[in-house]
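Everything on this sheet refers to the single structure shown next.
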Amino acid sequence: MERNLTLIALFAALIAALGLIPAFSLGFGVPITAQTLAIMLCGTVLGAKRGTLAVLLFLLLVAVGLPLLAGGRGGLGVFAGPTSGFLFGWPVAAFVTGLIVERWRSTNLTVVAIIASIIGGIIVLYAFGIVGMSIVLDRTLIEAAALVTAFIPGDIAKAVVAGILTAALYKARPQSVLSRADQV
Amino acid sequence: MISLTSPVETRAHSWPAWLKLSLLCAATIVLVANQNLAFQAAAFLGCLTLYALPGRTFFTVGVKALWGLWPFLILLVVWHLVIGDPSGGLLITLRLLTAVGLATLVTMTTRLSDMIAVAQWLLKPFARLGLNTRALELGIALVIRFTPTLADKGRQLGQAWQARARTKPRWRVILPFTVLAIDDAEQVAEAIRARGGLDPTSRI
């Protein structure tokens, strides 16, 4: 119980820390921070339930006014802005990512974690993000989708990194990769 | 950790947080439902007045928070000029600015402890469904405590990387960073267990 709680809290802190450190910008040519990478990792490492709880805990702290989002943003304003759909999609993205890693055990963990991160962290997340943007900016879904496509290559790169990191973490600390811990 | 609450004391700081949040909900619903340009313009001016009342420092911080929206505002204006509907674009722009502005205003005038108290009150019904609110409270404290610690460890890893390589630290630093975080989590869990654990009848 205590271990689950501290891992959830530490991953929530990890999401914040990866947004605070500019040195960790991934540098694939697209200006991206590692914060959505942390969302993918919450799912692939902690699994569906605990990964979702870590993201919800992080969002709760953002909502109550802590400047934890990349660029020191936070507070209630970010939930009313054009990118709010992505924030609402974060817990669902972590859940779907985690669920795939938990259930799909027949294939290599790197491959599973990459595919899970693409499905959860890109397809599911962008569905929320695009709907949110279309509502706030009063655009059609296709127009809103066109606005965010530039970020997809960067997010695919993040999904690959999430997959490699999850497999490496599983080698380094197998008991702490809760999505697969019962296999150890 | 510094919260986004403004150190400039305003009258709204003493208002109950639930009241400000309820007013914000009502205002946002009205803003979304209303399609009148004059109303949206008046609402935006009203919002700016609220920012201006406590003085220049408060106003500057508030406007800075809204400044982050500029890429979307430019996009909206250009888009609506191209399709020949400038008033439609202005309406959405004003609505967006007011909605975000009012939400930020609530954050700036409400202390972190008051916000957490509202969150705890909102989560009360879930306690009956089995949610361990004590675990949640401890989780909040742990995140607040560990975010700066982790960020510092991340910086140290980055510096260590730069001492060895000419390139900037990239994603490869995230693995040792995550392992450090996991080790911290395991040690903290042990420490909490040693102090009586999450059993609500014991003291931590």
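Descriptive notes on the structure:
- Tabulated pairs, segment B:151-170, first among the charged types (D, E, K, R), second surrounded by 13 or more Cβ atoms within 10 Å (Cβ to Cβ), C-beta under 6 angstrom, 6+ apart or interchain: B:Lys153/B:Leu180; B:Arg170/A:Gly27
- Residue list for segment B:138-177, restricted to those being among the small types (Gly, Ala, Ser) and either within 14 Å of A:Gly19 (Cα to Cα) or in a helix (DSSP H, G or I) (or both): B:Gly139, B:Ala141, B:Ala151, B:Gly154, B:Gly158, B:Ala160, B:Ala163
- Some residue of segment A:84-102 being in a loop (DSSP other than H, G, I, E, B) and either at pLDDT 95 or above or buried (at least 24 other Cβ atoms within 10 Å of the Cβ) (or both): no
- Residue match in segment A:106-127 (condition: under 30 Å from B:Trp79 (Cβ atoms), within 14 Å of chain B (Cβ to nearest Cβ) and of a type in the set (Phe, Trp, Tyr)): no
- Single unsatisfied condition, B:Ala127 versus (1) facing chain A (nearest Cβ under 10 Å); (2) surrounded by fewer than 22 Cβ atoms within 10 Å (Cβ to Cβ); (3) more than 17 Å from B:Leu45 (Cβ to Cβ): (1)
- Yes/no for B:Thr28 being out of contact with any Lys or Arg (no Cβ under 9 Å at 6 or more places or on another chain), facing another protein chain (nearest Cβ under 9 Å), surrounded by 12 or more Cβ atoms within 10 Å (Cβ to Cβ) and among the polar types (S, T, N, Q): yes
- The criterion of at least 2 residues that are modelled with pLDDT of 90 or more and farther than 19 Å from B:Phe72 by Cβ is met, among helices (runs of 4 or more DSSP H) falling completely within segment A:118-184, by A:152-172.
- Taken over segment A:17-56, the criterion of being outside any helix (DSSP H, G or I) and either under 17 Å from B:Val173 (Cα atoms) or modelled with pLDDT under 85 (or both) is satisfied by A:Ile21, A:Ser25, A:Leu26, A:Gly27, A:Phe28, A:Gly29, A:Val30, A:Pro31, A:Ile32, A:Thr33, A:Ala34.
- Residues satisfying the stated conditions in segment A:135-174, i.e. touching a residue at least 12 places away in the same chain (Cβ under 8 Å), small (Gly, Ala, Ser) and within 13 Å of another protein chain (Cβ to nearest Cβ): A:Ala144, A:Ala150, A:Gly154, A:Ala157, A:Ala159, A:Ala162, A:Gly163, A:Ala167
- Residue in segment B:173-181 that is within 24 Å of A:Glu2 (Cβ to Cβ), within 7 Å of chain A (Cβ to nearest Cβ) and surrounded by fewer than 18 Cβ atoms within 10 Å (Cβ to Cβ) present: yes
- Considering B:Leu90, B:Leu37, the condition of being surrounded by 15 or more Cβ atoms within 10 Å (Cβ to Cβ) and farther than 19 Å from B:Lys20 by Cα is satisfied by B:Leu90 alone.
- Top-ranked residue of segment B:53-75 - restricted to ones that are touching a residue at least 24 places away in the same chain (Cβ under 8 Å) and among the aromatic types (Phe, Trp, Tyr), ranked as farthest from the other protein chains (Cβ to nearest Cβ): B:Phe58
Here's the yes/no breakdown for (1) closer than 20 Å to B:Arg111 by Cα; (2) aliphatic (A, V, I, L, M):
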site: B:Leu4; (1), (2): yes, yes
site: B:Asn34; (1), (2): no, no
site: B:Phe44; (1), (2): no, no
site: B:Tyr51; (1), (2): yes, no
site: B:Thr60; (1), (2): yes, no
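- Residue check, B:Lys124 among the basic types (Lys, Arg) and in contact with a Ser or Thr (Cβ under 9 Å, 6 or more places away or on another chain): yes
- Options A:Gly98, A:Gly75: the member that is more than 10 Å from the chain's Cα centre (by Cα) and at positive phi: A:Gly75
- Matching residues, segment A:83-106, being free of Cβ contacts under 8 Å to residues at least 60 places away in the same chain, over 17 Å from A:Phe58 (Cα atoms) and not β-branched (Val, Ile, Thr): A:Leu99, A:Arg103, A:Trp104, A:Ser106
- Condition broken by B:Asp152, with the remaining ones in (1) surrounded by fewer than 15 Cβ atoms within 10 Å (Cβ to Cβ); (2) within 7 Å of chain A (Cβ to nearest Cβ); (3) within 25 Å of A:Val62 (Cβ to Cβ) satisfied: (2)
The values are calculated or read from the model by the stated rules, or taken from the named source; none is laboratory data. This is a predicted model, so every value here is computed, not measured. Cβ: placed from backbone, ideal geometry, glycine included. Neighbour counts: every protein chain shown.
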